[in-house]
């Protein structure tokens, strides 16, 4: 396994393809190329029968170069490293840094492949692949490329480890709205797979992701907090906010129905929004979350004193905080 850190911090490691899968992909590509070369040769022989031997030889060499060298180079360039055989075997050619290959990479691999695959019947390529730690042939070494596996076994979704208890709720005031979804995905992937990485790679990844998150939130990471623990705490805070938002939206229909019933009730002190003596009026989730709960409908207010003091109920215009959620204003 070849561990690489890309600029997007998404691909944590690459799985180099081994000799059996690469040999099968090359055989499939050669079968397609030879069939195409035979068809082109038959067509050229039929169309150039009137030419002399030298012209026919030149046309045959040009057809050989175009079909067996030019066509594979063009296919790998346009498909970003996936020929027909590699598509069937789930392989792809990438650069050493994990990025997609370009025309120069495919050209170098194709030209050297003529020598180590076609002219030597694949013997040189097999020996080089067996000797290389990452299964690279000579063309890959000169081109700076690597053939990797794209089809890997799908493991069950890993659990995101919770942060240390002393970090729970510490980032409740952090602004997470500017953090993009791609960065959240990268952080979750790192947290679920950090135990499988080399400690040095895991540490560098954590520092890089923590710096990105801190830059997006506008607040630096606390001193003395490990980057991995900081990331776990921020992810937990985001999950907690999403859970509160989901619970609030789920409770909104029930609260709206109750507010509508109170709005359409007979006018009186209760319909006007005065709290029941000895109890506090419930707050809407958005008001409670915004910090406006203190002093709103609290016991001991002027309305409660008037209602509990035995005096006549005073009819007045309900204030903004006492109006139902539906917007209906009871008559005075």
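Results for (1) more than 22 Å from residue 114 (Cβ to Cβ); (2) modelled with pLDDT under 85, shown as yes or no for each residue.
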| residue | (1), (2) |
| --- | --- |
| 141 | no, no |
| 147 | no, no |
| 151 | yes, yes |
| 164 | yes, yes |
| 167 | yes, yes |
| 181 | yes, no |
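Restricting the first member to segment 235-248 and to residues that are over 17 Å from residue 186 (Cβ atoms), and the second to residues that are part of a helix (DSSP H, G or I), the beta-carbon pairs closer than 6 Å and six or more apart or on different chains are 248/285. Per this entry, residue 93 is not counted among residues that are farther than 25 Å from residue 150 by Cβ and touching a residue at least 12 places away in the same chain (Cβ under 8 Å). For segment 159-182, does any single residue satisfy the condition of being outside the structural domain of residue 231 (by TED's automatic domain parsing), within 17 Å of the chain's Cα centre (by Cα) and free of Cβ contacts under 8 Å to residues at least 60 places away in the same chain? Yes, because at least one residue in segment 159-182 is outside the structural domain of residue 231 (by TED's automatic domain parsing), within 17 Å of the chain's Cα centre (by Cα) and free of Cβ contacts under 8 Å to residues at least 60 places away in the same chain. Here 68, 51 are screened, and the one residue that is modelled with pLDDT under 90, more than 30 Å from residue 206 (Cβ to Cβ), assigned by TED's automatic domain parsing to the domain that holds residue 144 and not in a helix (DSSP H, G or I) is 51.
The values are calculated or read from the model by the stated rules, or taken from the named source; none is laboratory data. On a predicted model such as this, the values are computed, not experimentally measured, just so you know. Counting neighbours? That spans all protein chains shown, and the Cβs are built from the backbone with ideal geometry, glycine included.
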